[in-house]
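This report refers to the structure that appears directly beneath it.
The values are calculated or read from the model by the stated rules, or taken from the named source; none is laboratory data. As the structure is a prediction and not an experimental result, all values here were calculated from the model. Neighbour counts are summed over all protein chains in view; Cβ atoms, including those assigned to glycine, are modelled from backbone coordinates with ideal geometry.
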Amino acid sequence: KAGVTQTPRYLIKTRGQQVTLSCSPISGHRSVSWYQQTPGQGLQFLFEYFSETQRNKGNFPGRFSGRQFSNSRSEMNVSTLELGDSALYLCASSIGSSNQPQHFGDGTRLSIL
Amino acid sequence: GNSVTQMEGPVTLSEEAFLTINCTYTATGYPSLFWYVQYPGEGLQLLLKATKADDKGSNKGFEATYRKETTSFHLEKGSVQVSDSAVYFCALRRGLTGGGNKLTFGTGTQLKVEL
């Protein structure tokens, strides 16, 4: 069974640009969550999508947005990039119920120049 | 709000030593508790979980017991190996009522095991 796939693995952008990251969950998983990992702030929850609807949202500015498609694949978008957006962005999927564990992808490393 | 506190790292041990990484939490209701491990350049892997008080999660020689009275979920292993070197994260998820899948993580504890 294939794991959670995140693309691209590495990305370099400049300030002011926008970026889109992609996450393909494990087959059959309907919940996709996104996290930002930085040395200073650690792992922080961005948002969760379930059946194409945002179910939970963290404390990030509106520049961070996401969506989920009918096949459960998800994308997150960051507009007007800032230096502080440099981070490892992790996607996690689960079947959907709160009783099931989440499985993480290897992340997208975003660097802002 | 919910929070998780982990002991600061790095923790450096010799191979075959006993490992304890402390984790305490603050949460309302009955959260589920998890330990995740992250190897360099990779995402997080679920190591073990416990969903109710007194549950013991175990995997690959690691164990942790959900202690509601002390709000703790300490990770232990009787004999560590060099291959256990990684960063370990304690995390909680709110209980079933209105929970969703949001995980709240501790800051992570880096473990280095030397020969």
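General remarks:
- Within segment A:5-25, the set of residues being over 13 Å from A:ASP106 (Cα atoms) and either buried (at least 18 other Cβ atoms within 10 Å of the Cβ) or touching a strand residue (DSSP E or B) at 6+ places or on another chain (Cβ under 8 Å) (or both) comprises A:LEU11, A:ILE12, A:LYS13, A:THR14, A:ARG15, A:GLN18, A:VAL19, A:THR20.
- Residue count, segment B:22-41 (criterion: touching a His at 6+ places or on another chain (Cβ under 7 Å) and without any contact (Cβ under 8 Å) to a residue 60 or more places away in the chain): 1
- Qualifying residue in segment B:81-96 (condition: at pLDDT 95 or above, within 14 Å of another protein chain (Cβ to nearest Cβ) and surrounded by fewer than 16 Cβ atoms within 10 Å (Cβ to Cβ)): no
- Test: residue in segment B:3-26 that is outside any strand (DSSP E or B) and under 20 Å from A:PRO101 (Cα atoms): no
- Of all residues in segment B:29-43, those satisfying the criterion of being over 12 Å from the mean Cα position of the chain (by Cα) and not acidic (Asp, Glu) are B:GLY29, B:TYR30, B:PRO31, B:TYR39, B:PRO40, B:GLY41, B:GLY43.
- Of all residues making up segment B:52-71, the number that are assigned to a strand (DSSP E or B) and either touching a Gly at 6+ places or on another chain (Cβ under 9 Å) or surrounded by 20 or more Cβ atoms within 10 Å (Cβ to Cβ) (or both): 5
- Scanning segment B:33-42 turns up no residue that is part of a loop (DSSP other than H, G, I, E, B), aliphatic (A, V, I, L, M) and either surrounded by 13 or more Cβ atoms within 10 Å (Cβ to Cβ) or away from chain A (no Cβ under 13 Å) (or both).
- Residues (in a loop (DSSP other than H, G, I, E, B) and closer than 25 Å to A:GLY96 by Cα) located in segment B:83-112: B:ARG94, B:GLY95, B:LEU96, B:THR97, B:GLY98, B:GLY99, B:GLY100, B:ASN101, B:LYS102, B:GLY106
- Number of the exception - B:LYS49 against (1) within 14 Å of chain A (Cβ to nearest Cβ); (2) touching a residue at least 12 places away in the same chain (Cβ under 8 Å); (3) surrounded by fewer than 16 Cβ atoms within 10 Å (Cβ to Cβ): (3)
- When segment A:26-49 is filtered for residues that are surrounded by 20 or more Cβ atoms within 10 Å (Cβ to Cβ) and either at the interface with chain B (Cβ under 9 Å from one of its Cβ atoms) or under 25 Å from B:VAL87 (Cα atoms) (or both), the ones remaining, listed by number, are A:SER31, A:VAL32, A:SER33, A:TRP34, A:TYR35, A:GLN36, A:GLN37, A:LEU43, A:PHE45, A:LEU46, A:PHE47, A:GLU48.
- Failed criterion for B:VAL80 (all others in (1) touching a residue at least 12 places away in the same chain (Cβ under 8 Å); (2) in a strand (DSSP E or B) hold): (2)
- Looking across segment A:69-112, the residues that are closer than 16 Å to B:LEU103 by Cα and under 11 Å from the mean Cα position of the chain (by Cα) come down to A:TYR89, A:LEU90, A:CYS91, A:ALA92, A:SER93, A:PHE104, A:GLY105.
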